[in-house]
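No value in this document is a laboratory result; all are computed from the given coordinates. Since the model is a prediction, treat every value here as computed from it, not as a measurement. Positions of Cβ are backbone-derived with ideal geometry, glycine not excepted, and every protein chain shown enters the neighbour counts.
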Amino acid sequence: MAKLNPAHGNWLYSMMYTLGVPKDHTPTPPAPPVDGGSVGRLSREACALPELFALARPAREGGFTSNGRGAGDGELAAEAIEQERRHYAEYIAPLAQKLRSCREALTEAVPRLLPQHRSRLEDALRTLETEYVRLCDAERFYFDRRLRQVRTGQVDDDPEFTIVLERVVYSTDRGDDVAASVGQAVQTIAAVLVAYVREQE
């Protein structure tokens, strides 16, 4: 029975099991075996993204409401919001770095990928990059909105818009829209790349 190269085989199957990637029994053209270079790197970096997105979207516990606090302590509330923004920014940076690494690895791996696999990987990575941009935009708008409210003392004039922002910035549960989108994209990458795992006798 063939054994998987532990350098870039066993860990990928293990990660696929963890992510719940279904086994694809659809016949596909055989993929050429590749080394653990850019393809292995893309696999490892992509499988780390769900956790990084989760860290960048913390559960909202003990924070300020979207309407801020009373006008009497607006300055203190503003400083707390700024501190919260800086804290979350620390988790955004590693996510951005990991996505850049995924993009670089995919670019390097392109010559070794079958056209249909290349297209699926490109679509999945573009989804992840879109979710990142969406998160950054929503976070900026959300914190700017909260700061404006505590500094002016005005109530939220568009609570529905704020709720939408909160759903992007903060996680609600493992099954929310952002988590589901990220998880599906990573599952696609893992399912495609597992075909490139080199088997050894």
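Sorting Leu106, Leu128 from the fewest to the most surrounding beta carbons within 10 angstrom yields Leu106, Leu128. Of Ile163, Ile92, the sequence from fewest to most neighbouring Cβ atoms within 10 angstrom is Ile163, Ile92.
Taking other residues whose beta carbon is less than 9 angstrom from the beta carbon of Leu147, and scoring Lys, Arg as +1 and Asp, Glu as -1, yields +3. Pick out, from Val155, Thr172, Ala54, the residue whose Cα sits farthest towards the positive end of the charge dipole of segment 36-189, with +1 on the Cβ of Lys and Arg and -1 on the Cβ of Asp and Glu. It is Ala54, whose Cα lies furthest towards the positive end.
When Cys102, Cys47 are sorted by how many other C-beta atoms sit within 10 angstrom of their C-beta, beginning with the fewest, the order is Cys47, Cys102.
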